[in-house]
Amino acid sequence: MLVGGGVGIAALYPIIRALKTAGNKVITILGGRTADLVIMKKECAEHSDELIVTTDDGSEGMKGVVTEAMKMIVRRGEKIDKVWAIGPSIMMKFCTKTAAELGLPIIVSLNPLMVDGTGMCGCCRVSIDGKIFFGCVDGPEFDGHKVNWEEFMSRMCQYKDEEKISMEKYVEEVGEESWL
Ligand code: FES
């Protein structure tokens, strides 16, 4: 079961393709706020046995969030060996919670803030099973059940004010269309 959201779908795609090429049954769930924000549907569908789209506003596929689709698949009797989830931190956190409820192993792809990306600055540190790892060199993939999600989410927000100021300046100087 492959679950993707936002730009995480682009990172999920090569995993979908590799799993399918290796002969696995692949069920892909892609979610977003609205239909236009769910990218690479055609590409993912090409390498999936089944593709389920969920949207918060019901503009495409199932109305709701990806975790509801995860539960629906298990409820209908599908035997799932492993889950991958890549997307916004909050999505991966709740996919992990759902996987725990369903008794499934889950791999997540953590995207902590990074500075040097070489394992030297420590900015990207994450706690996995009580031990410190660096997202940039030890990850990005980790066992979702072992991630300290509270710490991870709080570290992701530590420069929120600065990020907002920076984005406002960017839009002011370069224009909104250039990054949308
Ligand atoms: S980004 Fe600096 S150690 Fe990972």
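The values are calculated or read from the model by the stated rules, or taken from the named source; none is laboratory data. The structure presented is a predicted model; accordingly, all values stated were derived computationally and were not measured. Ideal geometry is used to build each Cβ from the backbone, glycine not excepted, and the neighbour counts take in all protein chains shown. Ligands, DNA and RNA are excluded from the accessible area calculation, which covers all protein heavy atoms including side chains. Shrake-Rupley method; radii C 1.70, N 1.55, O 1.52, S 1.80 Å.
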Worksheet item: Mind checking which pairs have a first residue in segment 44-64 that is closer than 13 Å to residue 5 by Cα and of a type in the set (A, V, I, L, M, F, W, C) and a second that is open to solvent by less than 20 Å² (accessible area, probe 1.4 Å) and in a loop (DSSP other than H, G, I, E, B), Cβ under 6 Å, 6 or more apart or different chains?
Response: 53/38
Discussion item. For the list (1) in a helix (DSSP H, G or I); (2) over 24 Å from residue 110 (Cα atoms); (3) touching a residue at least 40 places away in the same chain (Cβ under 8 Å), I need the number of the one condition that residue 74 fails.
Written reply: (3)
Worksheet item: Out of all the residues in segment 98-129, which are open to solvent by 60 Å² or more (accessible area, probe 1.4 Å) and within 15 Å of the ligand (Cβ to nearest atom)?
Response: 111, 114, 115, 118, 120, 121, 125
Worksheet item: Only one residue in 90, 132 is within 16 Å of the ligand (Cβ to nearest atom) and open to solvent by 40 Å² or more (accessible area, probe 1.4 Å). Which one?
Response: 132
Worksheet item: Which one of these does residue 18 not meet: (1) of a type in the set (Gly, Ala, Ser); (2) part of a loop (DSSP other than H, G, I, E, B); (3) open to solvent by 50 Å² or more (accessible area, probe 1.4 Å); (4) closer than 26 Å to residue 135 by Cβ?
Response: (2)
Fill in: Checking residue 82 against (1) open to solvent by 50 Å² or more (accessible area, probe 1.4 Å); (2) within 15 Å of the ligand (Cβ to nearest atom); (3) closer than 18 Å to residue 15 by Cα; (4) at pLDDT 95 or above, the condition it does not meet
(2)
